[in-house]
1. Which trypsin sites (Lys or Arg not before Pro) in the stretch 61-147 sit in a loop by DSSP (not H, G, I, E or B) and have at most 15 other Cβ atoms within 10 Å of their own Cβ?
2. For the stretch 111-190 and the stretch 22-59, what is the separation of their Cα centres, given in Å?
3. From the backbone phi of the stretch 58-71, what are the Karplus-calculated ³J(HN,Hα) couplings (6.51 cos²θ - 1.76 cosθ + 1.60, θ = phi - 60°) in whole Hz, Gly and Pro given as x?
4. With a 1.4 Å probe and every protein chain left in place, work out the accessible area per residue of the chain in Å², rounded to a whole number.
5. In nm, give the distance between the simple-model label positions of residue 15 and residue 90, each being 7 Å from the Cα along the Cα-to-Cβ direction.
6. Through the Karplus equation 6.51 cos²θ - 1.76 cosθ + 1.60, θ set to phi - 60°, convert the phi angles of the stretch 118-123 into ³J(HN,Hα) values in whole Hz; use x for Gly and Pro.
7. When the Kirkwood radius is taken over all Cα pairs of the stretch 1-67, what Stokes-Einstein diffusion coefficient follows at 20 °C and 1.002 mPa s, in µm²/s?
8. Evaluate the distance, in nm, between pseudo-label points positioned 7 Å from the Cα of residue 70 and of residue 98 along their respective Cα→Cβ axes.
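The values are calculated or read from the model by the stated rules, or taken from the named source; none is laboratory data. Computed from a prediction, not measured in an experiment: that's the story for all the values here. Cβ placement follows ideal geometry from the backbone for every residue including glycine, while neighbour counts extend to all protein chains displayed. Side chains are part of the model used for accessible areas, which takes the heavy atoms of the whole protein and leaves out ligands, DNA and RNA. Shrake-Rupley method; radii C 1.70, N 1.55, O 1.52, S 1.80 Å.
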Amino acid sequence: MPRPGPQELEAARDRTVDDVIAGGLRVLFCGINPGLMSAATGHHFARPGNRFWPVLHASGFTPRLLRPDEERELLGHGLGITNVAARASARADELSDEEMREGGRLLAEKVLRYEPRWLAVLGITAYRVAFRDKAAVIGPQDRVIGGTRIWALPNPSGLNAHWTAATMAEEFARLREAAERDGRPGPPEL
């Protein structure tokens, strides 16, 4: 995947990246919003320092390490990707609380439409703002959307120094184990 230059990255500001989604997924991963690298390439978690793909593999969700341009393969594993806020920015802190809350409302509508078993929000602060839950902590949440349970996971951005790739993979694996225990059938029919 060729790396976009500075002008291409700046031109990607405010673009969107298509969801990787289908009905009945085991887990729908939800980023905060696309970064400029993701918007420029059209693929989720495309910035080289982002730990999403290595952590997803290390936690046992995928049998091998996928590249961002292989994101559609997630559907075959019953997994998908969306974002709280659709527009790309250089940093998540460029988004207003109002934009995040509106993103949470739209995300809830999407979850009701596609009915994943679990919604995994990647970033506790994003979850707290989008769903107005200041007391939320990493892990399973009490809130449900329809029949979908919610798990707040650490943000895999390289800027999140509070979590190592190893500790992140442990938390992702907790979600994977919960999704496997919930007794529903495997990946959806595509």
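1. Values: sites: 64, 72, 87, 91, 101, 105, 110, 113, 117, 128, 132, 134, 143; in loops: 64, 87, 91, 117, 132, 134.
Passing both the DSSP loop test and the Cβ count: 64, 91, 132, 134.
2. The stretch 111-190 and the stretch 22-59 have Cα centres spaced 13 Å from each other.
3. 3J(HN,Hα) across the stretch 58-71, in whole Hz: 4, 7, x, 6, 10, x, 8, 6, 8, 8, x, 6, 9, 4.
4. 49 Å²
5. 1.7 nm
6. Once rounded to whole Hz, the list reads 10, 10, 10, 8, 8, x.
7. Numbers: Rh = 13.1 Å.
In µm²/s, the coefficient rounds to 163.
8. 4.3 nm
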